[in-house]
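Structure record follows, encoded as structure tokens.
No value in this document is a laboratory result; all are computed from the given coordinates. Because the structure is a prediction, the values reported are computed rather than measured. FYI the Cβ positions are ideal-geometry reconstructions off the backbone, even for glycines, and counts take in every protein chain you see.
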Amino acid sequence: MRSLLFPDGDKLILNDKKGTQELYDLKAGPQESRNLIDEPDAKGNDRVGRLRLFLQTHQNCTPGYKIPFRG
């Protein structure tokens with residue numbers, strides 16, 4: 001599971017294992033009770049793209065590095 005908090009108070013959570021995406025406006029609902037990812041006026045696609053670009057840009061590409069197992 002990966003997440004990113006945006007400066008405007010939006011929080012995006014991606015779970016690639018389950019294939020889920022969640023977007024919350026923490027200013028309007030700090031309890032994360034209303035997922036906005038599928039709302040017509042939500043910034044979901046843009047936010048998902050930004051998080052994926054961030055993660056791709058910040059991968060550890062050191063030769064011989066292996067991601068530690070997490071169970």
Practice task
Beta carbons within 10 angstrom, averaged per residue: use that to sort the peptides 18-27, 33-42, highest first.
Solution key: 18-27, 33-42
Fill in the blank from the handout: The equivalent-ellipsoid semi-axes of the chain, taken as the square roots of five times the Cα gyration tensor eigenvalues and listed largest first in whole Å, are 26, 13, 11
Exercise for the section: Any chance you could run the full-extension gain for Lys27 through Leu5? It's 0.36 nm times the residue separation minus the Cα-Cα distance, nm to one decimal. Expected result: 6.8 nm
Fill in the blank from the handout: Within the under-13-Å Cβ sphere about Phe54, not counting Phe54, Lys/Arg +1 and Asp/Glu -1 give a net charge of +3
Exercise for the section: Sum -39500 (n - 2.57) across every DSSP H segment of at least 4 residues in the chain, then divide by the residue count to get the 222 nm mean residue ellipticity, nearest 500. Expected result: -6500 deg cm²/dmol
Exercise for the section: About the Cα centre of the stretch 2-57, how large is the charge dipole given +1 on each Lys and Arg Cβ and -1 on each Asp and Glu Cβ? Please answer in debye to the nearest 20. Expected result: 280 debye
Completion exercise
If each K or R counts +1 and each D or E counts -1, the residues other than Asn45 whose Cβ falls under 14 Å of its Cβ total -2
Practice task
Note down the net charge around Leu4, summing +1 for each Lys or Arg and -1 for each Asp or Glu among other residues with Cβ under 13 Å from its Cβ.
Solution key: +2
Exercise for the section: Please determine, in degrees from 0 to 90 and to the nearest 10, the orientation of helix 44-57 with respect to the longest principal axis defined by the Cα atoms of the chain, where the helix direction is its Cα long axis. Expected result: 20 degrees
